[in-house]
Amino acid sequence: MPKTVDIIRQEHAALAAMLRSILLLLSQSRREHTLPDFGALRAMLFYVDEFPEQRHHRKESELLFPKLRARTPLSRDLLDELDHQHARSERAVRDVEHALLGFEMMGEARRGPFERAVQWYVDHYRAHMALEEQQMLPLAERVLTAADWAELDEAFSENRDPFAGHEPSPDYAALYTRIVNLVPAPIGLGPPMAAGG
């Protein structure tokens, strides 16, 4: 399996764990009739915006997708849809962050809109990841060349997601530590593995 494919799958798994964590925190606060930990939610949504939305999607749209488009016309409709989903998802995470601010500032009256925005985002992202893993990645493995993969592997190995098991870069170490310390361990977020692990 090309390293790029493995990295994409690892980063998808890390995001899925983060999204589950957000839903679990909301479920717990609703069950306990308390407000959620807004600091933890803000930190997790900031991570989602910074890594999956800004870094992960950008590498796919700017590096992987053009190579696929060049290799096969079969990819055109699929990649157009994935690019559209990337753009929609980037807007949606900002809407979720705004809904969180509304919930924090306005209280319980804004819980429902925030929870609906989060659920829509989670459902959208799960479907997006499934489309990439079930259709785009198998197509890429069939049509890209060894030279394509070598170039992609080098690019995708940069700026790795700390929640995918890599040492956080110095500028993201504090965010990573904050999330790990704010979110209960059973949710599935823990210390980074050694680089390359």
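Taken residue by residue, region 129-148 has at least one member that is over 24 Å from TYR47 (Cα atoms), small (Gly, Ala, Ser) and surrounded by 14 or more Cβ atoms within 10 Å (Cβ to Cβ).
Look at LEU63 and say whether it is under 17 Å from GLU104 (Cβ atoms) and surrounded by fewer than 21 Cβ atoms within 10 Å (Cβ to Cβ). Criteria not met by LEU63. Scanning region 113-148 for residues that are in a helix (DSSP H, G or I), over 22 Å from SER89 (Cβ atoms) and touching a residue at least 24 places away in the same chain (Cβ under 8 Å) yields GLU141, VAL143, ASP148.
Sub-7 Å Cβ pairs linking a first residue in region 153-177 that is modelled with pLDDT under 75 to a second residue that is surrounded by 19 or more Cβ atoms within 10 Å (Cβ to Cβ) and of a type in the set (Lys, Arg), at least 6 apart or interchain, are HIS166/ARG160, ordered by first then second residue.
Results for (1) at positive phi; (2) exposed (fewer than 14 other Cβ atoms within 10 Å of the Cβ); (3) free of Cβ contacts under 8 Å to residues at least 40 places away in the same chain, shown as yes or no for each residue.
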| site | (1), (2), (3) |
| --- | --- |
| ASP77 | no, yes, yes |
| GLN85 | no, no, no |
| ALA92 | no, no, yes |
| LEU100 | no, no, no |
| ARG111 | no, no, no |
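Taking region 1-36 as the range and being under 11 Å from the mean Cα position of the chain (by Cα) and within 15 Å of VAL180 (Cα to Cα) as the test, the residues that pass are ALA14, LEU15, ALA17, MET18, LEU19. So which residues in region 2-55 are surrounded by 15 or more Cβ atoms within 10 Å (Cβ to Cβ), of a type outside the set (Asp, Glu) and in a loop (DSSP other than H, G, I, E, B), if there are any at all? If the condition is that a residue be surrounded by 15 or more Cβ atoms within 10 Å (Cβ to Cβ), of a type outside the set (Asp, Glu) and in a loop (DSSP other than H, G, I, E, B), then PRO2, PRO36 are the ones that fit. For PRO66, indicate whether it is more than 10 Å from the chain's Cα centre (by Cα), of a type outside the set (A, V, I, L, M) and not in a helix (DSSP H, G or I). Spelling it out, it is not the case that PRO66 is more than 10 Å from the chain's Cα centre (by Cα), of a type outside the set (A, V, I, L, M) and not in a helix (DSSP H, G or I).
The values are calculated or read from the model by the stated rules, or taken from the named source; none is laboratory data. Small disclaimer: the values here were computed from a predicted structure and weren't measured. So basically every Cβ, Gly included, is an ideal-geometry build from the backbone, and we count neighbours across all protein chains shown.
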